Every structure is written in C-alpha cells, then in structure tokens.
Amino acid sequence: MFSRLGWQLRPRSAQRVFRRMASNRIRAQSAVYTETGEPSQVLRVVEHEVPNADELGDTQAVVRMLASPINPSDLNQIEGAYPVRAPFSTRITGELSAVGGNEAVGEVLYAGAGSGLQIGSWVIPQRAGEFGTWSTHVVVDDAQVASVPLEWREGLEPLAVASVKVNPSTAYRLLRDFSALGPNDCVVQNGANSGVGRAVIQMARLMGVRTVNVVRERPDFGELAAELSGLGADLVVQDRELGDPAVRERIGALGPVRLGLNCVGGRATLLMTKLLAKGATLVTYGGMSRQPVTLPTSLLVFRDIRACGFWMNRWYLSQPRERRDEMWRDILGMARRGQFQTQPMARVEWPGASRVSAEEAQRAVRDAVSWSTGKRAFVFSA
Ligand SMILES: NC(=O)c1ccc[n+]([C@@H]2O[C@H](COP(=O)([O-])OP(=O)(O)OC[C@H]3O[C@@H](n4cnc5c(N)ncnc54)[C@H](OP(=O)(O)O)[C@@H]3O)[C@@H](O)[C@H]2O)c1
C-alpha cells in the first residue's frame, strides 16, 4: 500500500496528473440498467461526474477504461439469469442502477493517498460482480483490481489483456485440472469457434495434445475449418457429422479421447460424449443451446465416464492469488511470444463524453449487445 510518504515520492509526471485531475472534473459515460431484462432494451448510457482526487477514499482510484469484451455471461447477468448479480447502487444515476460488463483492462489515472496502485499502470477486475466495466471511467478500491505488471503486457493490445481473465483462463484450467493429458491424447470440444474453444485449440497444441473440434452446421464451414486448423486444430467437424461412421473412424485414429469439453448441451453434447474413451471426463462449462445435458446410462456405467462442471468464477474465489497470477503471466507470455491469439472481436469504439453524446453512445451499446453472431468488445479512447 502507498503511505502518505509513498504518495509524495511518486514521479513528477504522476503528480502533474494528480494536480490536473484535482482541478478538472472528468465526465464519464456508463451503460447502466435499473432493472434486469433484454440487454438491448434495458441498457441506457448516462453521463456523470467522476470524483476528483481529493474526493476519493484513501484506497480508491479512478481508472480510465481501455477495453472491455462483451461476454455471454455479461448478457446473462443483465437478463437476471446469472448467479453473480451486479451491484446496484444510487451512486451514478441517483436511482438504483448497475453498470454492465465484468471483464476489462483500464489505466489508473489518479488515486487516493493510501492507494497502492501506480498511476499509469494497467488493472483488471479481480472478481466478477464487483463493479461494471462498460463505462469510460470507474472508481475502484485497490482490493477490487489486480495490477498487470508492465513486463507481462509489453507489446500487447489492451484487448488481449482485457480478455485474459475469462476465456483463455477457462481454457487453461479445462486442459489442466480434469485429466492428465499426454502427447497422444485427444480432447473433443463443441463450440470450438468460441473464445474458449479457440483458446483450447491453441493451448492444447502447445501441450502436444490433439483436438477434435465440433462446430454448428454452417454455409461457411470450409472457411471456418481452415481458420481453426490454422490455430492448430487437428480435426474440425460439424455437429451433424458426429454420427457418421467415417468421421468417427477419423477421430478414433487420432488417439484416445480423454477429455470432452461442452459449452452447448442437448443432442450435440450427447453425440460428442459417445466419442469419449473409457474413464474419460466430460466437463460442462456453458450451455449455449439452453438444452440440458442428457447422458445414456451405459456411458456412465460401462464406460465409466465422469461428468462434472467448471466455473471460472468459483476457481478464482477458491484459489490463492499467486496461482491466478502464475496463470495470467503464462497466458500473456504465450500471447507475447505469438503462440496465442486472442479471439477475433469486432471493436465497438466508445470515444467518451467529450466526443459523443450519451444518445450516440447508447445507440452503439444497444447495437453491440444485440448482435447475434461473433464476439464484440468496447474499445475506449481518451
Ligand atoms: N464456466 C465458465 O467459467 C465459463 C467461462 C467462459 C465462458 N463460458 C461459457 O462458454 C460459452 C462460450 O463462451 P465464449 O465467450 O467463448 O463464447 P463466444 O466466443 O461468444 O462464442 C459463442 C459460441 O457459442 C455458439 N453458439 C451460440 N448459440 C448457440 C446455440 N444455440 N447452440 C449451439 N451453439 C451456439 C457459437 O457458435 P456459432 O458460431 O455457430 O453461433 C460460438 O461457438 C458460453 O456459454 C459462456 O457462458 C463459461
């Protein structure tokens, strides 16, 4: 933590920032909702003033957002269908409201006298559901954010750092925590073109593990299959092909399928589970089809398939910070070395209150949360 003495010892440039902020109030824009519901209906963008440095609590800081992805769980949270609720408070609008989004990276602009956060450092939220990230600026407490050391993120785009906490971290754990995978082993996954799926492909390849990747039937399958193969996928198939004996034979030739990763549910998951080797594990981490996971008794009894779930949030809450840091350092290291690509995301530019009106920003936000295909992320500019 920064003592008062520590604050006085900050670099000159930091002190300049402090003074500038103390005299000019920043106008922020935030995407808020006062009741849960369809995100494109309930989200509205409001403008509000950010406290000056001398108005902050001792361990508070003002963070300028750089980038924040739009994840399926963020939308579920706004719909009221996610176990982690956003904190509702009267702080921004005067009425009870919450800010959307949970994953981001931001830059510390100025901080309270007792804050341990360095001005100019990049920070990411520690946990989901503590403060919303679809906001040009946020006021955080030291304990709500984790600093990203410069050497971990040097040369990386804000979006690569902003999105480390959810999808790549989930893939990282899925490949390490459920099965002792060796070089001739195989993983089968559905939703293989999702953020998690793409991360699984790349990380499995680095581990020498083969991947069978299932995607939904689509007209541009050839193009997508080539793209996923470029990331390191050993085989890419459409869900309807899983019952085809020739396809099953090709999968069998790759090696024993020790791990199944499911983010879809329904029939596609049932067919995929039939590919698993004796004693293999099926991990469900998402339910994009909103269909239940149904498994035949014979797979559980005779093939000894283990079925379980994984939730990244639970992992973060149960693990010491050192393990989390080790994982983030490792993933960002892969990205810096060019071994790992962040999933493609359409950038939704959000230039802030000095450049666009709240109405314009609201149109962009509502449009961004209502797209039905592809991943999007807010990218903020100063
Ligand atoms: N448990 C955890 O801790 C954890 C962590 C991260 C993510 N997740 C979950 O993992 C899933 C993927 O997240 P993401 O951020 O990686 O997703 P994403 O990049 O937004 O991709 C969404 C994926 O879901 C597929 N999809 C969409 N609607 C579908 C449907 N009705 N039936 C079958 N597939 C459908 C998409 O396929 P198309 O291209 O065919 O539309 C795409 O592969 C989500 O359920 C998310 O909540 C869970």
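Taking the Cα centre of the chain as origin and assigning +1 to Lys and Arg Cβ atoms and -1 to Asp and Glu Cβ atoms, the resulting dipole is close to 600 debye. Can you spot the aspartates and glutamates whose alpha carbon is less than 13 Å from residue 165's alpha carbon? Ignore those fewer than 8 places along the same chain. Once the sequence-local aspartates and glutamates are set aside, what remains near residue 165 is 103, 325, 326, 330. Taking a sphere under 13 Å around the Cβ of residue 157 and counting the other residues whose Cβ falls inside, with K and R at +1 and D and E at -1, yields a net charge of +2. Under the combined filter of DSSP loop state and at most 14 neighbouring Cβ atoms within 10 Å, region 290-329 retains these trypsin sites (Lys or Arg not before Pro): 290.
What is the local net charge at residue 251, summed over the other residues whose Cβ is closer than 11 Å to its Cβ (Lys, Arg +1; Asp, Glu -1)? List each step's numbers first, then the result.
Details: positive: 210, 248, 250, 274; negative: 234, 241, 244, 249.
That sum, taken over residues with Cβ under 11 Å, equals 0.
Among 66, 295, a tally of other beta-carbon atoms within 10 Å of each Cβ gives an order, fewest to most, of 295, 66. In this structure, the amide hydrogen of residue 137, modeled 1.01 Å from its nitrogen in the peptide plane, lies closer than 5 angstrom to those of 29, 65, counting only residues at least 5 positions away or on a different chain. Residue farthest toward the positive end of the dipole of region 169-314, with Cβ of Lys/Arg at +1 and Asp/Glu at -1: which of 207, 300, 231? The listed residue farthest towards the positive side: 300.
Measure nothing fancy, just the Cα-based angle from helix 195-207's long axis to the longest principal axis of the chain, in degrees from 0 to 90, nearest 10. Once rounded, one gets 70 degrees.
Figure the gain on full extension for residue 127 and residue 55 (residue separation times 0.36 nm, minus the Cα-Cα span) and round it to one decimal in nm.
On the way: separation 72, 0.36 × 72 = 25.92 nm, distance 2.50 nm.
Once the chain is fully extended between residue 127 and residue 55, it gains 23.4 nm.
With angles folded into 0 to 90 degrees, how steeply does helix 321-336 sit against the dominant principal axis of the chain? Use alpha carbons for both and round to 10. Once rounded, the angle reads 80 degrees. Of the residues 88, 39, 183, the one whose Cα sits farthest toward the positive end of the charge dipole of the chain, with +1 on the Cβ of Lys and Arg and -1 on the Cβ of Asp and Glu, is 183.
If you place +1 on the Cβ of every Lys and Arg, -1 on the Cβ of every Asp and Glu, and leave all else neutral, what size is the dipole of region 233-382 about its Cα centre, to the nearest 20 Debye? Around 240 debye, computed over region 233-382.
Relative to the dominant Cα principal axis of the chain, helix 221-231 is inclined by about 70°.
Once you list every other residue whose beta carbon is under 11 Å from the beta carbon of residue 29, what net charge do they have if Lys and Arg are +1 and Asp and Glu are -1?
0
A Cβ-based charge dipole, computed about the Cα centre of region 169-314 with Lys and Arg at +1 and Asp and Glu at -1, lands at about 440 debye.
What length, rounded to one decimal in nm, is gained on full extension from residue 143 through to residue 371, with 0.36 nm per residue of separation minus their alpha-carbon distance?
Net length gain for the segment: 78.7 nm.
Just so you know, all these numbers are worked out from the coordinates, no wet-lab data involved. Fair warning: this is a prediction, and the values are worked out from it, not measured in the lab. No Cβ is skipped: glycine too gets one built from the backbone with ideal geometry, and neighbour counts run over all protein chains shown.
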